[in-house]
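Enquirer: This is the structure I have questions about; it appears just below.
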Amino acid sequence: MTDLDARIAAVKRRISAAAAACGRDVDGITLLAVTKSVPAASLTAAQRAGVHDFGGNYLQEAVTQMDAVPGATWHFIGRVQSNKTREIASRFAWVHTVDRLRVAERLSSQRPPSAPPLNVCIQVDIDGEATKAGVASGDAAALAAGIARLPNLRLRGLMAIPRPHEDDRGKLDACMRVRALYDRLRDDGFDLDTLSLGMSADLEQAIAAGATMVRIGTALFGPRT
Ligand SMILES: *Cc1c(COP(=O)(O)O)cnc(C)c1O
């Protein structure tokens, strides 16, 4: 077993244990391997070890990585620049980081007609950090309503990157705030099924809060250089 195989197995064990701890079915949690600064050979090995979903922060880097994992599902998880929407809309199956209607409109109008609707999550600035990406929690419903009207997008849920906490309680509280907003939108009638939440440091708390996709880089591939 290589180091990578061992790390992938360890992450899968963490996911299973976290799901078991809160009585959730592990099949409802998708592991998304985050590819920033990861060599293509490691992605190929991850795919061989059973990873199907890959998340890229940087368009050009992700595009060069795609050949290494044929048939994989690619998720864009970086900041969406308006001048990159056409390529993002044609290369990816998901975009987790939609935080303004203008970008959503461009992604919808630029999604190739032959492709199925682009799956999108709204990125929420759950800590109200202003300088960070993401829509303010209070503006999420209006953005969701706007996205729901766009023909070539399928609104799936919410994504967040809570600010780092040292303690498990702080991590869980942040994740639960995202979950509460998700529940509110569902109560409002939005047909959501995806909570993209949890990274290497807080995947247990994210799963306890209901995450359906965890985005893992460091715990799978080691520290970034
Ligand atoms: C880098 C990154 C991750 C993975 O973070 P790790 O702590 O390395 O697991 C997840 N989501 C986003 C948006 C990222 O940029």
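The values are calculated or read from the model by the stated rules, or taken from the named source; none is laboratory data. Please read these numbers as outputs of a predicted model, since none were measured by experiment. The accessibility values were calculated without ligands, DNA or RNA, using every heavy atom of the protein model including side chains. Shrake-Rupley method; radii C 1.70, N 1.55, O 1.52, S 1.80 Å.
Enquirer: Please list the non-local residues whose amide H lies under 5 Å from the amide H of GLY55, H modeled 1.01 Å from N, same-chain partners needing a gap of 5 or more.
Expert: Placed amide hydrogens put ALA33, VAL34, THR35, HIS75 under 5 Å from GLY55.
Enquirer: Show me, for region 92-108, the HN-Hα J-couplings you get by feeding each phi into the Karplus relation (A = 6.51, B = -1.76, C = 1.60, θ = phi - 60°), rounded to Hz, glycine and proline as x.
Expert: 10, 8, 9, 10, 8, 10, 7, 9, 8, 5, 4, 5, 4, 4, 5, 4, 5
Enquirer: Ignoring ligands, DNA and RNA, what percent of the 1.4 Å accessible area of region 130-225 is carbon and sulfur?
Expert: Working: 2280 of 4520 Å².
Within region 130-225, the accessible surface is 50 percent carbon and sulfur.
Enquirer: Per-residue ellipticity at 222 nm for the chain, helices alone: DSSP H runs ≥ 4 residues times -39500 (n - 2.57), over residue total, nearest 500 deg cm²/dmol?
Expert: Working: 9 runs with 91 residues, N = 225.
The per-residue figure over the chain is -12000 deg cm²/dmol.
Enquirer: How large is the accessible surface per residue of region 1-100, computed with a 1.4 Å probe and reported in Å² as a whole number? Intermediate results must be reported in sequence, preceding the final value.
Expert: Values: 4750 Å² over 100 residues.
Per-residue accessible area for region 1-100 comes out at 47 Å².
Enquirer: Turning to a different aspect of this structure: Contact order normalised by length for the chain, with contacts defined as Cα pairs under 8 Å and 6 or more residues apart; what percent is it? Display every interim value, and only then the final one.
Expert: Values: 411 pairs, mean separation 46.2, N = 225.
Averaging sequence separation for qualifying contacts and normalising by length gives 21 percent for the chain.
Enquirer: Follow-up. Tell me the carbon and sulfur percent of the accessible area for region 1-121, rounded to whole percent, probe radius 1.4 Å.
Expert: Values: 2960 of 5730 Å².
Whole-percent figure for carbon plus sulfur exposure: 52.
Enquirer: Between LEU155 and residues 5 or more places away or on another chain, which pairs have amide H atoms under 5 Å apart, with H built 1.01 Å from N, and which residues are they?
Expert: VAL120
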